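Below is one structure, written out as structure tokens; the observations come after it.
Laboratory data are not the source of any read-out in this text; all were calculated from the coordinates shown. In this text, all values refer to a predicted model and were calculated from it rather than measured experimentally. Neighbour counts are summed over all protein chains in view; Cβ atoms, including those assigned to glycine, are modelled from backbone coordinates with ideal geometry.
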Amino acid sequence: MKFQDVTRFEFREFGSDLTAVRQNFAALGRGSAQPPSRETYIVTRLNIESNVKIRSGRLEVKGLRGRQQMLEQWQPLFVSEFPVAAEEVENVVAPALGIDVDLGGATLFSRSDLLALAEEQPALATVVVEKRRTLFDLGDCEAEFCELQIGADRLQTIAIESIDAAAANALLQKVGLETARNESYPAFLQSRLF
């Protein structure tokens, strides 16, 4: 993904049939199918300003820096392969989730350790999201069409990302999303789980 490790502006919408938006993306540039992925989100009921997930053996944490018109600006805060230093779980991951933990003498956290910690916390829940993405490189923006499976539910999501807010807003207008509602993964998953 073009803007994965940089602070960027994002717009996302979820729905049952977003193929018309996909066709609008395809009219602007060729799509590239990505390998299917299986991602585990750790969702908190305490905020929607943090995105914490496990993807391809890595722990990834993003934080919401602000909002500009229809866009949200997200900043990568932490990325690490497992095992993760317990100090990072205490000082980065837990605060992002709105919880305070003391991990005692632990030094490293495996994926299963982190998921067990999440299970122990009443404010947290985990959910597996299976994704089949198509990415569209549209110059200053990247667009995504993604088919999701969350439990038994099949959904779709579309997204626009850019480091340039003006370019992202222009693309929203061009593909007919100027009145759509921007909803991040943390907000969407929180509403489903809590």
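In order along segment 175-184, the phi-based Karplus estimate (6.51 cos²θ - 1.76 cosθ + 1.60, θ = phi - 60°) of 3J(HN,Hα) comes to 9, x, 9, 5, 10, 6, 9, 7, 9, 6 Hz; Gly and Pro are listed as x. Between the amide H of L108 and those of A86, distances stay under 5 Å, these residues lying 5 or more places away or on another chain, with hydrogens modeled in the peptide plane.
Length gain on complete extension for the stretch A123 to A85, per 0.36 nm per residue less the alpha carbon to alpha carbon distance?
Values: separation 38, 0.36 × 38 = 13.68 nm, distance 2.24 nm.
Additional length available on full extension: 11.4 nm.
For the pair R58 and E130, label points projected 7 Å from Cα toward Cβ lie 2.4 nm apart.
Based on the mean of other Cβ atoms within 10 Å per residue, sort peptides 117-129, 98-110, 157-169 so the most packed one is first.
On the way: 117-129: 15.6, 98-110: 12.1, 157-169: 20.1.
Most protected by this proxy first, the peptides run 157-169, 117-129, 98-110.
Semi-axis lengths, largest first, of the ellipsoid equivalent to the chain are 30, 17, 15 Å, with √(5λ) applied to each eigenvalue of the Cα gyration tensor. Largest GNM mean-square fluctuation across F25, F82, F145, computed for the chain with C-alpha springs under 10 Å, falls on F82. Each Cα pair under 8 Å and six or more residues apart adds its sequence gap; the mean of these over the residue count of the chain is a relative contact order of 32 percent.
Grab the Cα-Cα distance for T19 and S110, subtract it from 0.36 nm times how many residues apart they are, and report the gain in nm with one decimal. Let's see the in-between values first.
Numbers: separation 91, 0.36 × 91 = 32.76 nm, distance 3.84 nm.
Roughly 28.9 nm would be gained on extension.
Subtracting the Cα-Cα distance of E39 and A166 from their residue separation scaled by 0.36 nm leaves 42.7 nm.
Summarising the amide proton neighbourhood of F78: residues at separation of 5 or more, or on other chains, whose placed amide H is nearer than 5 Å comprise V61.
Our coupling estimate for segment 129-136, obtained by passing each phi through the Karplus curve with A = 6.51, B = -1.76, C = 1.60 and θ = phi - 60°, is 10, 9, 10, 10, 9, 10, 9, 10 Hz, Gly and Pro reported as x. Helix 165-174: angle to the longest alpha-carbon principal axis of the chain, degrees 0 to 90, nearest 10? It is inclined by approximately 50 degrees.
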